[in-house]
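Below: the structure, in structure tokens.
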Amino acid sequence: MTRATLVVGVGARYGVPAEEVLGLIRSALEEAGLAAGDVVELATLDTRAGDPGITGAAARLGVPVRSYAAGALAKVRVPNPSAAPRAAVATGSVAEAAALMTAGELLVPKRKSASATCAVARRIPMADNPASTNGPGPDTMADMLPPTKHTKHTESAGPDLRHHGDAEVRGLDLTDLAVNVRTNTPPDWLRERVAASLGSLAAYPDGRPARAAVAGRHGLPEERVLLTAGAAEAFVLIARALPARRPVVVHPQFTEPEAALRAAGHEVGRVLLRPEDGFRLDPAAVPDDADLVVVGNPTNPTSVLHPAAVLEQLARPGRTLVVDEAFMDAVPGEREALCARQDVPGLVVLRSLTKTWGLAGLRIGYVLADPATIALLQEAQPLWPVSSPALAAAEACMEPRALVEAADAADRIAVDRAHLLAGLAEFSEVRVVEPAAGPFVLVRLERADEVRELLRSRGFAARRGDTFPGLGSEWLRLAVRDRVTTNRFLQALDLALQGLPRRAVG
């Protein structure tokens with residue numbers, strides 16, 4: 001049976017704080033014994049969809065907002081109608097009607113706070129209701145696919161695989177520890193190179209110079225390089241173009257690879273690395289019949305750097321081994337990198353330029369693989385997939401001075417990370433996954449969700465961990481920042497831990 005997914009209907013007055021909406025939702029879920037991680041969307045009246053209280057609560061939960069016209073909500077029979085909303089928008093309960101629009105079972109009837117209402121319903125999966133004309137809500141395709149047969153190694157899709165750290169800070173004035181893009185980037189010289197490319201926008205992009213530059217940087221022939229609109233496009237191409245009967249993703253890691261595979265119709269197995277093992281990979285944990293394996297190195301969010309020799313043990317004829325090296329250029333000396341290897345069968349390495357160079361909005365990355373695999377991926381790409389400004393940035397980032405700057409940045413990150421780790425070690429409540437190798441660290445502490453909210457109130461955004469398969473609400477990911485920022489964060493963390501409300505005993 002398909003796993004239940006939850007739709008939370010919300011009604012609210014103008015100006016309701018996000019904290020009030022979020023608190024109401026969480027108390028309703030807790031009262032019913034439901035998990036916030038199973039919520040797939042907030043639903044509301046279209047005239048309230050942009051209200052900061054509702055969008056803010058959705059951002060905190062990491063889910064989208066779906067809106068409906070008053071006329072559509074008025075057609076839904078609700079069990080707990082009230083006169084006031086019926087007079088205003090023709091439905092007896094915005095919360096219950098919105099929750100039931102794509103759902104068949106009301107799990108939590110209308111709950112009220114001073115300025116908001118909410119209700120929780122179970123969505124009708126398409127597999128259970130083929131006659132449904134509403135279709136799946138945003139980012140729920142993974143929940144509608146059957147689990148893989150490798151039940152020993154896998155679990156069903158639970159967390160929101162489309163949640164990203166930028167949702168923690170979007171539109172808010174917070175110090176960003178949730179996104180792993182290096183601060184104070186892109187540098188001026190790179191901005192100038194991108195700006196200079198704007199004069200050629202009338203011409204179609206020509207990727208040949210950038211492709212040659214990437215190939216030269218890694219000592220590879222050009223036919224082993226494919227430029228992409230960020231690593232995210234590469235995951236989509238892999239999911240759509242490469243044959244795979246038993247794909248497996250090693251978790252916890254960046255969730256986009258699994259989301260792309262599921263969206264392409266694949267049944268995806270999971271290998272869940274354990275915190276008691278330091279999230280280190282045992283190649284024997286990967287099923288023998290897995291014909292496509294995805295692993296990050298260093299891994300987001302654990303910051304674990306797997307030895308190249310261990311990853312090589314995953315390679316075998318007939319298997320595609322995808323290694324996401326998006327953060328490898330933040331590792332001094334890029335030790336354990338496989339990007340230049342041509343002797344590992346089925347190896348596909350992904351690289352991103354968005355993190356080190358601050359180009360997340362430009363979208364540029366690349367794939368390194370054998371020529372036959374590159375040809376398959378390229379056939380699945382649309383024409384001119386990478387813009388001229390992104391190509392100019394890629395070419396510039398391969399130049400010797402850029403490589404020197406990236407190496408210096410990696411050394412600074414290592415020093416700044418050591419400072420952060422030393423500060424975190426002063427807190428008995430905090431456990432850090434070590435050794436950490438990336439520009440971020442993963443920490444575990446009780447009531448991390450409450451700590452995260454208290455940090456937000458003190459101006460800091462941390463990345464929630466419960467959207468990563470294999471982690472739960474007690475995990476947070478923290479980006480490495482300069483010493484001054486880290487010192488301010490550590491002070492805020494101290495105050496947040498002190499500010500936790502006491503829980504009743506007995």
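The values are calculated or read from the model by the stated rules, or taken from the named source; none is laboratory data. What you are looking at is a predicted structure, and each value in this text was computed from that prediction instead of being measured. Cβ placement follows ideal geometry from the backbone for every residue including glycine, while neighbour counts extend to all protein chains displayed. Ligands, DNA and RNA are stripped out before the accessible areas are found, and what is left, the full protein with its side chains, is counted by its heavy atoms. Shrake-Rupley method; radii C 1.70, N 1.55, O 1.52, S 1.80 Å.
Some observations on this one:
- By the helix-only formula, in which each DSSP H run with n ≥ 4 contributes -39500 (n - 2.57) and the sum is divided by residues, the chain has a 222 nm mean residue ellipticity of -9500 deg cm²/dmol.
- Label zone of Arg335 (point 7 Å out along Cα→Cβ, amide N under 14 Å): in region 421-448 this covers 435-438.
- Taking a point 7 Å from the Cα of Asp277 along the Cα-to-Cβ direction, the residues of region 459-474 with backbone N closer than 15 Å to it are 470-471.
- Across the chain, the mean sequence separation of Cα contacts (distance under 8 Å, 6 or more residues apart), normalised by length, yields a relative contact order of 15 percent.
- Cβ-derived FRET efficiency at R0 51 Å, Ser115 paired with Ala203, nearest 0.05: 0.40
- Dipole size of the chain about its Cα centre, with +1 on Lys/Arg Cβ and -1 on Asp/Glu Cβ: approximately 1120 debye, rounded to the nearest 20.
- Among Leu376, Thr5, Ile364 the positive-end extreme of the charge dipole of the chain (Cβ point charges): Thr5
- Take every Cα pair under 8 Å whose residues are at least 6 apart in sequence, average their separation, divide by the length of region 166-289, and the relative contact order is 14 percent.
- Under the span-like rule (Cα at least 30 Å along the axis, Kyte-Doolittle mean at least -1.0), DSSP H helices of the chain: 400-424
- Stretching the chain fully between Thr47 and Ala414 yields a gain of 127.3 nm (0.36 nm per residue, less the alpha carbon separation).
- Only protein atoms count toward the accessible area here, which uses a 1.4 Å probe; on region 173-325, the carbon and sulfur part of that area reaches 50 percent.
- Length gained when the stretch Glu379-Ser457 is fully extended (0.36 nm per residue, less Cα-Cα span): 23.3 nm
- Placing R0 at 56 angstrom, the Cβ-Cβ distance between Arg401 and Ala70 gives a FRET efficiency of 0.40 after rounding to 0.05.
- Three-way shape call for region 193-339 based on the alpha-carbon gyration tensor, with the a/c threshold at 1.5: prolate
- The amide H of Thr5, built 1.01 Å from its N in the peptide plane, has Arg123 as neighbours under 5 Å, considering only residues 5 or more places off or on other chains.
- Pairwise centroid distance, computed over Cα atoms, of region 199-224 with region 374-416, Å: 10 Å
- Peptide ranges 180-192, 218-230 listed from the most packed, as the mean C-beta count within 10 angstrom indicates: 218-230, 180-192
- Gyration tensor (alpha-carbon) shape descriptor, region 161-259, a/c threshold 1.5: oblate
- Surface accessible to a 1.4 Å probe, Val249 within the full protein complex, Å²: 0 Å²
- For region 249-315 and region 432-468, distance of Cα centres in Å: 22 Å
- Å² of accessible area per residue within the chain, as computed with a 1.4 Å probe and no ligands counted: 42 Å²
- What the Cβ-Cβ distance of Ser27 and Val310 gives, at R0 = 30 Å and to the nearest 0.05, is a FRET efficiency of 0.10.
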